[in-house]
Structures are given as structure tokens and as C-alpha cells.
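> First, the structure itself, so that you have it in front of you.
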Amino acid sequence: MASFFDIKARKAAAAAANGASSGNAEKTATESTKVQPWVEKYRPKTLSDVTAQDHTVTVLQRTLQASNLPHMLFYGPPGTGKTSTILALAKELYGPELMKSRVLELNASDERGISIVREKVKDFARMQLTNPPPGYKSRFPCPPFKIIILDEADSMTQDAQSALRRTMETYSKITRFCLICNYVTRIIDPLASRCSKFRFKSLDEGNAKKRLEDIASLEGVTLEDGAVDALIRCSEGDLRKAITYLQSAARLVGAAAQTGGGDADEMEVDNAAVTVKVVEDIAGVIPEATIQRLLKAMKPGGSGTVSSVVEDMVADGWSAAQTMTQLYQAVVYDETLPDIQKNKIVTVFSEVDKWLVDGADENLAILDLAAKISGIMAGR
Amino acid sequence: MALLVDKLRPRSLEELTYHEELSKRLRSLAQCGDFPHLLVYGPSGAGKKTRVVATLKELFGPGVEKIKIDARVFMTSSNRKLEFNIVASVYHMEITPSDVGNYDRVVIQDLLKEVAQTQQVDQAARQKFKVVVINEAENLTRDAQAALRRTMEKYSPNLRLILLANSTSNIIAPIRSRTLLIRVAAPTHDDIRSILAAAAKKEDWPLVEGLNKRIAEESGRNLRKALLMFEAVHAQNEKVTDTTPIPVPDWEVLVGQIAKEITEDRTPARVMQVRAKFYDLLTHCIPASTIIKTLCFKVMPLVDDSLKPGVIHYAAMYEHRIKTGTKAIFHLEAYVLKIMKMVEEYLMSMDM
């Protein structure tokens, strides 16, 4: 590549060795997709790819045909496909070429104070539409408006939100807003009432499982029996988390196998399977046996003393927050406990949780939690 | 002469003794080229830092051991100057942002941005990115963590982060989901014993199995503490046997005394005596939460079983108040009074 800066020579070289250079480009493309997070790589490309949000998707598809769109407010737990849906919709509406000029995406990592809303959003909203190139319109609907996506809108300040109100109405002829948030209650009422709301429900197991298995087979990752279930369990309905875990797990078990290579072919060589244990390790989940041991120690007449079990758990590095979540699950779904005891136990959980959030010592907090629960179980 | 802890610290992944599975994983991660952000957590003295340094060496070669200390000055938005120390080599940088308290966000943003925007200068470097190690990540403020989240995504080609924390409880979820979690458990008693035995062999000290066993139990599975105790025993005694007493730190002795005093005699005069001791401890920079925790564990064996849940409960409660409040001595004394009251009530009910 000595003649890199000489355009003529480069063109000649490219013409001469077309095959070679295209091969080269392909290689760099695969390199870049390899380092890309899988979450980005496997984002749904079209609306119909979006899994498990049938209601929303049908409504949006209808608007796609009608070429009109209301302002929208998407809300729901993380990792349910809110951002993916709007991006897929935008892609279907505008196609790759117009996407850049017609869609503005702002998320929480961009500065989003009141000044940005006043300037950047307003400027974009005010901008006149550009005409699509001839022939382009036959492939994509290209409706006569732009879309502004405000991701993680619940982290916007109240002031910034109220600054949006007027903007939304003034430019409604040429601009549509799409607000995305986790908690609809954090969006001020005047904004919420201007949008049609779509609730995204958390993914059911069947769909999440199918998606994870698809990705695993596309990436050539072997999954042990039950590993998918473990992924779903650990991620609590959050598909993004599940995919991230899957990638980390694949990296961990596959890392040894693909030391030498950078090619995509070599990825398939790793035959070490992702096991339940690896998944749980990555998610920082405490093994069920450990929790059961603690539970057993807490029960009246149980084996072992509570304090020694707690000490072991702290020394093993299990975080207090994780211990609490899992212990809570175990206690609440324990059929052998009378409801009145559960009632008291849950109060204890809430108190200790507050302590932990304030940064109290974990060892003492967990020990107190365990001691109190065992006291309640003993009927004191 | 260096302390045993430093002298015997393993320098590379091969030399690490326990958690072999983990070392193997770290090595394969370091070699595979696609190194993720890490969040290493575990109790103190479990070997988090040692593992991280060894991983860095595996990543970059021996160059990481040539470190220098850099004093930097940062300006806050209110024009206050912050002095901040950075331990850095050509390839990595180590910071403890909690040193500057509430201003950690400024340091994180400025420093990481600066690192991320400069390319690796050394052409011969094995990796294209630089590593920033952040100590005590659990003490980072929410603001700083949120700033970190942005930086992690934006500058990922030039920058990898390794966060070290004692627990993941205070790390916000977005950071946890962006990093690969690595748990380093404390070494078991057997691990500690074999390490002590190896240390004894290296130093030409006689191997005393019984003593090592006791040290392992006393240390609470903290390897650093175990090695320090081990060295202290051998330094103080000409000849060590199975029954040589293990020297305990002065402050622990003092807390032990307090525990004994408050359970024996429960009068206002005794509270005044104890107050002097607490002030003594506090002026020697023993953290109040450590005092209350140790006191709790020292009082436990001295009281009746039925009182123990109470002792723990109030320890946890007052420890929480120490964290949220401002003046530690109030809560320490309140805890002492609570213990006295509980013991007194218990004895009265016995008499009746």
C-alpha cells in the first residue's frame, strides 16, 4: 500500500485486483462485526422481527401502511425491545439513505439538559424535509415527517421535559416524537397526554429461548442442556442482559480455543460448551445449594449455626444485594412457612435493604437479616 | 527489608496458587485479543489486586512493572483545586477516585477522557488499548458511575477498565451489565496453610503445623492478614511452637477490653471510662464501623444466647447510623448503652 495517497494508482490497482480488494473489504467487515456486541449485531432489522410484542407490532404495522404516525411513548422494563422497535420502524419507513437525515436519536449518554432541548431538538424539528431521490419512494414509504427518538426519557429533567411541550405541538406537521422510558410515571403528564402510549411487556420464556438459541447457533456457540434456561433465569426477562451474558460466556469458554486466529471460520472450532455454571458465574448468581444451606441453618433445629454460614458466604465474596434477592425468592416461595411469618420476614427485608443502599456494612447487615429471620421462624 | 506480603506476592499468572480455574480464565481472556471490561470483586485479602496485576503483565509484558507516581491537579467546576495521585506505567494507570470524595466524577471524566483520546504511543505494544484500574469502585458516587457508563461505550477502542470492588451491591446495574464479573473468593483455611508453609520454607523458618492452622483460623480467611500475623509471630519469638501466642493488633485488644468491661459492670461511671477508650481508638484512625463490628463479635461470646440476635441487630442499626450520620461517638456510646441495658434486663429477669 505504498501508493495509498495516489488516487490514480489506487484506482488502477483496484481495477486490476478487484477480487482481491473486495475480499479484503469483506475481511475487515467480518473483523468489525466480530468485535461488535451481539446485542447490536442481532438487533431486529424489520418490525416483523421484533419478538413477543404482537399488539404493538400490529398497531405500528397498520400505521406503516397508512403512512401516518402519532407521537409515541414506549414504556416497559429494560431489554424488552423498545429501542429496537422504533429503530426497525424508522428503517422500514425511510430506508438506509434517508435514515440519517430524517431520524435524530438522543439517549441518556448525550448531554440532554434544557439547552439541548431548546437548540438541537428544536433545530432538527424545524428543519424542512428533503425530498427522497426519484425511485426511492417506490421501495420505502418515506412519509412526510421526521422522527426524533428520545431514548431513556425518564432521566430527562422536568424542565427539559416541559420545554418539549410546545416544540412537540408547533412542529407536529413535519416531526414526530418517540419517547422511550422504563417508568411512565417519570414522564410529566402534559407530555404523556400528547403521545399514544405503548406498553412493552416483559418477554415470555418461549420467545426469549428461541431468540437465544438462534443467536447461539449463528455464532457457533454450543450450549449445554439447561444453559438457556439459566440465561433466562439470571436475566429476569431482560433479553439484552441475556444476550450480553451469552456473549461473555462464549468469550470465556471459547477464548482458549481461538487464541491464534482472527477469522470467522476459527470461531466454529471452539467446542467447549457453555454450561449452567459458567452462566451463573458471569451473572454473579449464588449457587442454589449455598442459599439452601443458609435457609436450613436459619430454620429452627437446623444444622449448623447461622453465623458461621454467613461468615463463609461473606468470605466467598457473594454480594449482599445478590444474597438478599435470592434469599427473598427462596423464602417467599417456601410453602412450608406460614403466611404470617412471611409477612414479618418481608418487613425485615425492606429494612435491611435500606441499610445496604445507604452503604452499611454488609457482613453485619446480612448477619442481622439471618438472625432476625431465624428468630421469626422459631416463632419468637 | 520488604514485608513478606510484598516479597512473596506472585508476579505472574503462573505463580498464583489457589483458584487455578480463575487464573486459567484470566490467561485465556488476556490472550484472546478481545479483552472485555472487568469488574473484579471479593473480600479484602483475597488476592484481587494481585490477580489484576498478573493479568496486566500477561497482557502487556514486563513493561507494566515499571511504574511511576504522578501527582495531578484537577479543577472542579467551583474552581477548587484537587490533588490526585496516579500510579501509572506506559500501558496502564491506576487510580483511587474515592480519595477525592465527592469530586470523583470530575477526575473520572477528565482523566479517562484524556487517556481514551490518546492512542498508544509505543508501536511495539502488544495491545492497542490502555488499561485503567479503578480501586475501591464501590465507593464511587452515582454520578461518577453514570459518567463511567458513557465513557465505557464511547471510548471502548482505546480504553479498557478494570474495576476493583469489595462488593457489587453499590455498583449500578448498567455498569454491571457492561463488565465481565469476576468473583475472587477468599482462600480457604487449607489454601492459607499451604501458602504459609511455602513461605516458611522460603524464609528458612521452622514449619509449625499447629501454629499455621491457628493463624489460618484467626485471620478470617484474609491472606494478607494471615501473612502479616505469621511474620509477626516469627519476628517476636526466637523459637516458635504450636502454642506460641499470636500477637493481635493493639486496637483489637482494646476493643476486647471494652467488650469485657461493659458486660461486667453496667453503670454510668463505666460508660465514661469506655468513652475515653473510644476516643483513643478514633484518634488513632480506626474506622468507627470497624470498631462497632469488632465490638459486636467480641461481645457475642460473653452474653447469653437469647441476647445475641439483639446484639447483632443493634450493631447493624448503629453501624448504619454511623454511615448516614456525622458524629461516630454518639452511635458507639448508644450501642454500648443498649448492650448494657439488654444485659441488665436479662439479669434482672433471672433474679425474679
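> Checking A:GLN292 against (1) surrounded by 12 or more Cβ atoms within 10 Å (Cβ to Cβ); (2) part of a helix (DSSP H, G or I), which test does it fail?
Going through (1) surrounded by 12 or more Cβ atoms within 10 Å (Cβ to Cβ); (2) part of a helix (DSSP H, G or I) one by one, A:GLN292 breaks only (1).
> Let me ask something additional. Give the residue, chosen from B:GLN119, B:GLN127, that is away from chain A (no Cβ under 14 Å), more than 22 Å from the chain's Cα centre (by Cα) and not in a helix (DSSP H, G or I).
Selected residue: B:GLN119, the only one of B:GLN119, B:GLN127 that is away from chain A (no Cβ under 14 Å), more than 22 Å from the chain's Cα centre (by Cα) and not in a helix (DSSP H, G or I).
> Given the criteria open to solvent by 20 Å² or more (accessible area, probe 1.4 Å) and closer than 24 Å to B:ILE108 by Cβ, does B:ASP70 qualify?
So B:ASP70 passes the test.
> In segment A:304-317, which residue that is more than 8 Å from every other protein chain (Cβ to nearest Cβ) and crowded, with 18+ Cβ neighbours inside 10 Å is nearest to B:LEU223 (Cα to Cα)?
A:ASP312
> Looking at segment B:130-238, what helices (runs of 4 or more DSSP H) fall wholly within it and have at least 3 residues that are surrounded by 18 or more Cβ atoms within 10 Å (Cβ to Cβ) and away from chain A (no Cβ under 13 Å)?
B:189-203, B:209-218, B:223-236
> Run B:THR55 past the list (1) open to solvent by 20 Å² or more (accessible area, probe 1.4 Å); (2) in contact with a helix residue (DSSP H, G or I) (Cβ under 9 Å, 6 or more places away or on another chain) and report the number of the one that doesn't hold.
The one condition B:THR55 does not meet is (1).
> Please pick out the residue among A:ASP225, A:ASP229 that is assigned to a loop (DSSP other than H, G, I, E, B) and closer than 15 Å to A:VAL276 by Cα.
Exactly one residue qualifies, and that residue is A:ASP225.
> Hey, can you tell me all the residues within segment A:359-380 that are open to solvent by 30 Å² or more (accessible area, probe 1.4 Å), part of a loop (DSSP other than H, G, I, E, B) and either at the interface with chain B (Cβ under 8 Å from one of its Cβ atoms) or small (Gly, Ala, Ser) (or both)?
Correct list: A:ASP361, A:ALA378, A:GLY379.
> Please work out which one of (1) open to solvent by less than 70 Å² (accessible area, probe 1.4 Å); (2) touching a residue at least 40 places away in the same chain (Cβ under 8 Å) is the condition B:ASP265 fails and give its number.
With (1) open to solvent by less than 70 Å² (accessible area, probe 1.4 Å); (2) touching a residue at least 40 places away in the same chain (Cβ under 8 Å) applied to B:ASP265, the lone miss is (2).
> A further question follows. Tally time: how many residues in segment B:1-28 are within 14 Å of chain A (Cβ to nearest Cβ) and surrounded by 15 or more Cβ atoms within 10 Å (Cβ to Cβ)?
9
> Is at least one residue of segment B:317-332 in contact (Cβ under 8 Å) with a residue 40 or more places away in the chain and over 23 Å from the mean Cα position of the chain (by Cα)?
Yes: segment B:317-332 contains one or more residues that are in contact (Cβ under 8 Å) with a residue 40 or more places away in the chain and over 23 Å from the mean Cα position of the chain (by Cα).
> Starting from segment B:29-46, keep only residues that are at the interface with another protein chain (Cβ under 7 Å from one of its Cβ atoms) and at positive phi, then list their pairs with residues that are β-branched (Val, Ile, Thr) and not in a helix (DSSP H, G or I) whose Cβ atoms are within a distance under 7 Å, requiring at least 6 positions of separation or different chains.
Final answer for the pair search is B:GLY42/B:VAL184.
> Considering only residues that are surrounded by fewer than 17 Cβ atoms within 10 Å (Cβ to Cβ) and within 13 Å of chain A (Cβ to nearest Cβ), look in segment B:281-299 and name the one that is farthest from A:ASN363 (Cα to Cα).
First pass over segment B:281-299, keeping only residues surrounded by fewer than 17 Cβ atoms within 10 Å (Cβ to Cβ): B:282-285, B:287, B:290.
Of the ones still in play, those that are also within 13 Å of chain A (Cβ to nearest Cβ) are B:287, B:290.
Numbers: B:PRO287: 15, B:THR290: 11 Å.
Checked segment B:281-299; the qualifying residue farthest from A:ASN363 (Cα to Cα) is B:PRO287.
> Just to check your reading of the model, which residue among A:LEU356, A:LEU327, A:LEU337 is at the interface with chain B (Cβ under 9 Å from one of its Cβ atoms) and either open to solvent by less than 20 Å² (accessible area, probe 1.4 Å) or of a type in the set (A, V, I, L, M) (or both)? Please lay out each step first, then the result.
Working: A:LEU327 fails: at the interface with chain B (Cβ under 9 Å from one of its Cβ atoms); A:LEU337 fails: at the interface with chain B (Cβ under 9 Å from one of its Cβ atoms).
Result of the check over A:LEU356, A:LEU327, A:LEU337: A:LEU356.
> What pairs come out if I take residues in segment B:9-27 that are touching a residue at least 40 places away in the same chain (Cβ under 8 Å) and pair them with residues that are open to solvent by less than 100 Å² (accessible area, probe 1.4 Å) and assigned to a loop (DSSP other than H, G, I, E, B) whose C-beta lies under 6 Å away, six or more apart or interchain?
Pairs found: B:PRO10/B:LEU16; B:TYR18/B:PRO187.
> Might you check whether a residue that is touching a Lys or Arg at 6+ places or on another chain (Cβ under 7 Å), touching a residue at least 60 places away in the same chain (Cβ under 8 Å) and in the same structural domain as B:TYR41 (by TED's automatic domain parsing) occurs anywhere in segment B:84-93?
The answer is no, given that none of the residues of segment B:84-93 is touching a Lys or Arg at 6+ places or on another chain (Cβ under 7 Å), touching a residue at least 60 places away in the same chain (Cβ under 8 Å) and in the same structural domain as B:TYR41 (by TED's automatic domain parsing).
> Does B:PHE278 qualify as being under 22 Å from B:LYS48 (Cβ atoms) and more than 14 Å from chain A (Cβ to nearest Cβ)?
no
> Within segment A:245-265, can one find any residue that is modelled with pLDDT of 80 or more, open to solvent by 70 Å² or more (accessible area, probe 1.4 Å) and away from chain B (no Cβ under 13 Å)?
No, that holds for no residue.
> Every residue in segment A:185-205 that is crowded, with 17+ Cβ neighbours inside 10 Å and under 23 Å from A:LYS241 (Cα atoms), please.
Within segment A:185-205, A:PHE198, A:PHE200, A:LEU203 qualify.
> What is the residue count in segment A:52-70 for residues that are open to solvent by 90 Å² or more (accessible area, probe 1.4 Å) and among the aliphatic types (A, V, I, L, M)?
Result for segment A:52-70: 0.
> Continuing with this model, one more query. Taking into account only those residues within segment B:301-314 that are open to solvent by less than 50 Å² (accessible area, probe 1.4 Å) and under 21 Å from A:GLU351 (Cβ atoms), which is nearest to the chain's Cα centre (by Cα)?
Result: B:ILE312.
The values are calculated or read from the model by the stated rules, or taken from the named source; none is laboratory data. Given the structure is predicted, the values throughout are model-derived calculations rather than measurements. Ideal geometry is used to build each Cβ from the backbone, glycine not excepted, and the neighbour counts take in all protein chains shown. We work out accessible area using only protein heavy atoms, side chains counted, and drop any ligands, DNA or RNA first. Shrake-Rupley method; radii C 1.70, N 1.55, O 1.52, S 1.80 Å.
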